[in-house]
Amino acid sequence: MRYHIWTEGCQMNVADSEKLEAGLAKLGWEAASGPDQADLAVVNTCVIRQKAEDRAIGYMSRLRTLKQKREGMQIAVMGCMVGPRTDDLRQRFPYVDVWARPQNFEVIIRQLMPEGDLGGEFWPDTFPEPKGPTAFVPVVHGCNKFCTYCIVPYRRGREKSRSIDDIAREVASLTARGVREVTLLGQTVEAYGKDLPSTEVDQRKPDLADLFEELSRIDSLARIRFLTSYPRDMTDRIIRSVGELPKVCEHFNIPVQAGDNETLARMRRGYTLEEYMDCVERIRKHVPSAALSTDVIVGFCGETEAQFENTMRLLAEVRFDKVHVAAYSPRPGTIAWRHMEDDVPQEEKMRRLYEVERLQERISRENNQPYLGVTQEVLVEGVEGDPDGQATFTGRNRANRLVHFQAEGAPAIGELVDVRIDRVTSWSLRGQMVSAVAA
């Protein structure tokens, strides 16, 4: 029996798909090259943006046509499209055999094995098969923030942390199979541990810094990354641990969403611009070399031109290394969808989006200039062309900047190498490998 999984959306969705793949492999299923060869087709959906939802629905329509031609083919839909109630979805898409909420993998397995005994240890010890030297590892699921524009808390539920031991076992399993770098995932990753019991030693709840320390003890693990951050959960203890632990990369992704306090209040982000800037200042104090990236939404309900200009001033002042920008689109079921007017015209949203992109292209290029002539540690993640001839290798430095480089010889995927940077753009660094990094 064969399966095919189509994944849309964030790194958490990627991790969910890989977890399901591991479960199906445990049952003896094999991956198919495409849905037309699959006995089970899984659609892992994202609805954070309208385009993502549209792509998922379009793919489901394609599967409907395939199912009509392939007797016995089953379709499963999982991810953030699936909420607590599925009556409306079942009416809209009657050809789908099973609906599964995020992380609720057992529903899909039960569809395949209605009488099977999975046992209580099926999922806790079912770890994904790595597809390269990097891997995503969810550490806290769900979100308690309930921002007015966001559907995630309604789909992924409240924050629920995994135990440090459980995460360490997964990371050890991944590194035993070639992974050198892990990215710890959470909708608000610094919320990790708040729902766990206090330790017996000091009666303190474990936090992300404790997790960093535990994972740093895994010898074959070279790097630790983490996302996504939330300003009010970012403690000095966590910040200092990033600066003090050699394996934790000095990169923070802290979405601001808007640079205006009135807009932040309408978004119900839970912090002011002043609190956000205090978080940035504390990071730059304790980790001077830290790279900062952020997320911005333009055209949110009621956003005036003056409020948008406040966001532009913030971006110019902080000078983020990378900005992910999106135009607001209402998501059914959210607070904004129920109670706010989507009153910024689409053309105006796109104008503001392009303004942010133009500003950030210049800032990113300027931020990359100091790398010229500097040697950077790069984890080799891929190669294009003939490794024994003229090939371009790809990886990232500790600051999460994309690096393309040439090398004499063929460095192995997963190897840490030193690359001297001889060219920069807004989006990447380019250079020449000078040596391998000692393990």
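Since every read-out is calculated from the coordinates, none of them should be taken as a lab result. In this text, all values refer to a predicted model and were calculated from it rather than measured experimentally. All Cβ positions, glycine included, derive from the backbone under ideal geometry; neighbour counts span all protein chains shown.
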Across the range 280-304, the tally of residues that are out of contact with any Lys or Arg (no Cβ under 9 Å at 6 or more places or on another chain) and either farther than 26 Å from Ser329 by Cβ or not β-branched (Val, Ile, Thr) (or both) stands at 8
Just to check your reading of the model, which residue among Ala38, Ala31 is buried (at least 18 other Cβ atoms within 10 Å of the Cβ), out of contact with any helix residue (DSSP H, G or I) (no Cβ under 6 Å at 6 or more places or on another chain) and more than 27 Å from Trp337 (Cβ to Cβ)?
Ala38
Applying the selection to the range 250-265, what residues are outside any strand (DSSP E or B), touching a helix residue (DSSP H, G or I) at 6+ places or on another chain (Cβ under 8 Å) and hydrophobic (A, V, I, L, M, F, W, C)?
Ile254, Val256, Ala258, Leu264
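Mind telling me which of the residues Cys143, Cys147 ends up being among the hydrophobic types (A, V, I, L, M, F, W, C) and touching a residue at least 60 places away in the same chain (Cβ under 8 Å)?
Cys147
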Only one residue in Met267, Met234, Met277 is among the aliphatic types (A, V, I, L, M) and in contact (Cβ under 8 Å) with a residue 60 or more places away in the chain. Which one?
Met267
Filter result (buried (at least 22 other Cβ atoms within 10 Å of the Cβ), more than 30 Å from Val256 (Cβ to Cβ) and touching a helix residue (DSSP H, G or I) at 6+ places or on another chain (Cβ under 9 Å)) within the range 172-203
Val179
Going by what's in this entry, would Phe308 be described as part of a loop (DSSP other than H, G, I, E, B), hydrophobic (A, V, I, L, M, F, W, C) and buried (at least 19 other Cβ atoms within 10 Å of the Cβ)?
no
Test result for Ser17, within 11 Å of Ile5 (Cα to Cα), among the hydroxyl-bearing types (Ser, Thr, Tyr) and surrounded by fewer than 16 Cβ atoms within 10 Å (Cβ to Cβ)
no
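Using the structure shown, decide if Val96 is closer than 19 Å to His4 by Cβ and part of a strand (DSSP E or B).
No: the conditions fail for Val96.
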